[in-house]
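Taking it in order: structure first as structure tokens, then the write-up.
The values are calculated or read from the model by the stated rules, or taken from the named source; none is laboratory data. Just so it is clear, the structure is predicted and the values come from calculations on it, not from any experiment. Glycine also receives a Cβ, built like all others from the backbone with ideal geometry; neighbour counts cover every protein chain displayed.
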Amino acid sequence: MRTGEPSVPRWAWVPAAAGGLLVLLPLVALLAKVPWSDFGGLVTSESARVALWLSLRTAAASTLLCLLLGTPMALVLARSSFRGLGLLRAGVLVPLVLPPVVGGIALLATFGRRGLMGHALEVAGVQVAFSTIAVVLAQTFVALPFLVTSLEGALRTAGRRYESVAASLGARPTRVLFRVTLPLVLPGLVSGAVLAFARALGEFGATITFAGSLQGVTRTLPLEIYLQREVDPDAAVALSVLLMAVAVVIIVVARRDRSAW
């Protein structure tokens, strides 16, 4: 270590190692329990393939929805000042600390057949609860705060200097947003989108409460793992490793792309 460089206190290595073991040991134990001789057959069964494909499709749809809704939300939170802003920010963050099953009940109260909006939708011939749409809504509900918080932080870090220059040159707010603001915070936007996708991919509680578990319709991979745990523990372990591998690939690709920026 060169003189003048900041150093890590020696005592910090002990809790850091303990935290690392707390995270990594269960993953190692999971890998140790995988029946590798049957792994291929377990993760390529009909039900597993259908559940994985449904998970990927709904997670992608919910991530797109998070981008469409979360980007303007983060912009309002980072660039606006009005009474009640703190309350709005707290409301956006509630799904982060809310048990997912409670989120599912809240979604049922809103979009269920007798819900706040569900009854009107039912009259119009649109059934949301216990459908693939319900899966996307449940995943969006729990994943949206991840994108909003990540992008809001990036917006605050970037500041307003370049936006002010563009505005002073006559650029309209929408042009400033797409030509200046978003390119500046693109790494934060991508990071938030990856976090949202990963959270949506692993969503369980709100999904099973609001969407149920219908094969090919609402039974995502986490739900399939939960069901297999009772009837075929080996399949549950193998599918858990598959889901973990998909999540690792997403994180590695996202970090590599972000480092390129």
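Figures for the structure shown
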| read-out | value |
| --- | --- |
| Subset of region 31-48 [of a type in the set (S, T, N, Q), in a loop (DSSP other than H, G, I, E, B) and loosely packed, with under 15 Cβ neighbours inside 10 Å] | Thr44 |
| Selected residue [in a helix (DSSP H, G or I), under 25 Å from Val252 (Cβ atoms) and of a type in the set (D, E, K, R)] from Arg156, Arg199 | Arg199 |
| Tabulated pairs, region 189-205, first crowded, with 20+ Cβ neighbours inside 10 Å, second among the β-branched types (Val, Ile, Thr) and outside any helix (DSSP H, G or I), C-beta under 9 angstrom, 6+ apart or interchain | Leu201/Thr220; Glu203/Thr220 |
| Flag if Leu77 is in contact (Cβ under 8 Å) with a residue 24 or more places away in the chain, more than 24 Å from Leu239 (Cα to Cα) and aliphatic (A, V, I, L, M) | yes |
| Enumeration of residues in region 66-92 that are in contact with a Ser or Thr (Cβ under 7 Å, 6 or more places away or on another chain) and surrounded by fewer than 19 Cβ atoms within 10 Å (Cβ to Cβ) | none |
| Residue match in region 115-130 (condition: touching a Pro at 6+ places or on another chain (Cβ under 9 Å) and at pLDDT below 90) | no |
| Odd one out for Arg89, checked against (1) among the basic types (Lys, Arg); (2) in contact with a helix residue (DSSP H, G or I) (Cβ under 7 Å, 6 or more places away or on another chain); (3) more than 27 Å from Glu152 (Cα to Cα) | (3) |
| Pairs, first without any contact (Cβ under 8 Å) to a residue 24 or more places away in the chain in region 94-121, second surrounded by 13 or more Cβ atoms within 10 Å (Cβ to Cβ) and among the acidic types (Asp, Glu), C-beta under 6 Å, six or more apart | Arg113/Glu122 |
